[in-house]
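Bear in mind that the values in this text are calculations on the coordinates, not laboratory data. Predicted model only: the values in this text are computed from it and were never measured. Counting neighbours? That spans all protein chains shown, and the Cβs are built from the backbone with ideal geometry, glycine included.
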Amino acid sequence: MKTGLLPLIHPLKMTEFLSHFRNNEPFVVHHDSNEHLELRSFSLPNLLSSWTDSVQVHLPDLRDEASAVDVPAAEAKKMFEEGMGILFNDINRFYPLLQDWVDTLKSDLGISAQTYGRSLIYVTPDGKGTAPHFDQNINFVLQVSGTKTWTMGKNSSVMNPMVRHTMGQPVDPEMMSYLIEPMAEQMPAKIMRFELKPGSLLFVPRGMWHETQAEGEALSLNFTFTAPTWADLFLAALRSRLVLSPEWRESAVVSEEEKFASLLESLKEELPHWNASDILEATET
């Protein structure tokens, strides 16, 4: 089976995908019923019978990962029957095919080698779903079984969030510092709806509000990528350079402000000689 971005997004061309990707726009493609059968071979009974790790269960107070517990598979089965959604996390650890997909997609997207890529399986009971939230990651959702409706809206509160947020929950302190406007407390007036059936593929951009609802028991396979920002790469490269100096490795005695000022002056002299390739060489290799 051929892995990678093009088999996942066709009939979209790469140029069309990149337009959506760069503009943070969702899209959906509905694949033929006999496509990606290897990725759509998962079922809840088989997963529960073979899964040896814990299963994440989303509690009914929020219906979201912000309120969840990790339990053994047998307990997760009972909680699912009581109407709670469940998540099998990082399943690429146990399925080499999925790890191949994660690695190839990461390469095709052109994102940093420092990206945390993984695959997940969400199983949602009939009539249930997730509360409105946005993610800090890039997400591809392949519907395996059942029907799930995604309601999505643009985020006017924050651009390029670095953490996940569930509507109505406290805002991360760092994210508070770069909010454009107060965090929304309801879905935007202008929304988009995508109905996913078996074989449908949805691209969920980073930072876009979304909520879901299942019709029938719905199982979906996600490929999720949490990529470092330019700030992350610069800070990582800066640290790798600074720790080469015994002076920068000294314990920080904050009363010795003059010492710190001297170190900063030397850094000012060095930074103009840096270029992007130097920084990327430090982080990507």
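Please give the FRET efficiency for residue 172 paired with residue 2, using the beta carbon to beta carbon distance and R0 = 45 Å, rounded to the nearest 0.05. Before the final figure, lay out each step's value.
Numbers: r = 39 Å, r/R0 = 0.87.
It comes out at approximately 0.70.
Between the range 141-208 and the range 217-285, what's the alpha-carbon centroid distance in Å?
Spelled out, the Cα-based centre of one part sits 30 Å from the other.
Between 31, 165, 273, which gets the highest mean-square fluctuation from a Gaussian network model of the chain, Cα cutoff 10 Å?
273
State whether the range 230-284 is rounded, prolate or oblate according to the following rule on the C-alpha gyration tensor (a ≥ b ≥ c being the square roots of its eigenvalues): a/c under 1.5 gives rounded; otherwise a/b larger than b/c gives prolate, and the remaining case gives oblate.
Numbers: a/c = 2.54, a/b = 1.88, b/c = 1.35.
Verdict is prolate for the range 230-284.
Determine which lysines satisfy two conditions relative to residue 106: a Cα distance under 28 Å, and not lying fewer than 8 residues away in the same chain.
2, 13, 148, 154, 197
Please work out the Cα center distance from the range 64-100 to the range 1-37, rounded to the nearest Å.
26
For the range 230-284, with the dipole built from +1 on Lys and Arg beta-carbon atoms and -1 on Asp and Glu ones, taken about the Cα centre, which of 272, 245, 233 lies farthest toward the positive end?
233
In debye, nearest 20: dipole of the chain around its Cα centre with unit charges on the Cβ of K, R (+) and D, E (-)?
On the way: 23 positive and 39 negative charges, 174 e Å.
It comes to approximately 840 debye.
Treat the count of other C-beta atoms within 10 Å as a stand-in for reagent exposure and order 55, 254 from fewest to most.
On the way: 55 24, 254 6.
The fewest-first ordering by Cβ neighbours comes to 254, 55.
For a Förster distance of 45 Å, can you work out the FRET efficiency between the beta-carbons of residue 180 and residue 278, rounded to the nearest 0.05?
Numbers: r = 33 Å, r/R0 = 0.72.
In this case the efficiency is close to 0.85.
As a check on your grasp of the helix formula, calculate [θ] at 222 nm for the chain: sum -39500 (n - 2.57) over DSSP H runs of n ≥ 4, divide by the residue count, round to the nearest 500.
Numbers: 9 runs with 84 residues, N = 285.
Dividing the helical sum by the residues of the chain leaves -8500 deg cm²/dmol.
Cα gyration tensor of the chain, axes a ≥ b ≥ c as square roots of the eigenvalues: rounded (a/c below 1.5), prolate (a/b > b/c) or oblate?
On the way: a/c = 1.89, a/b = 1.71, b/c = 1.10.
Cα axes put the chain in the prolate bin.
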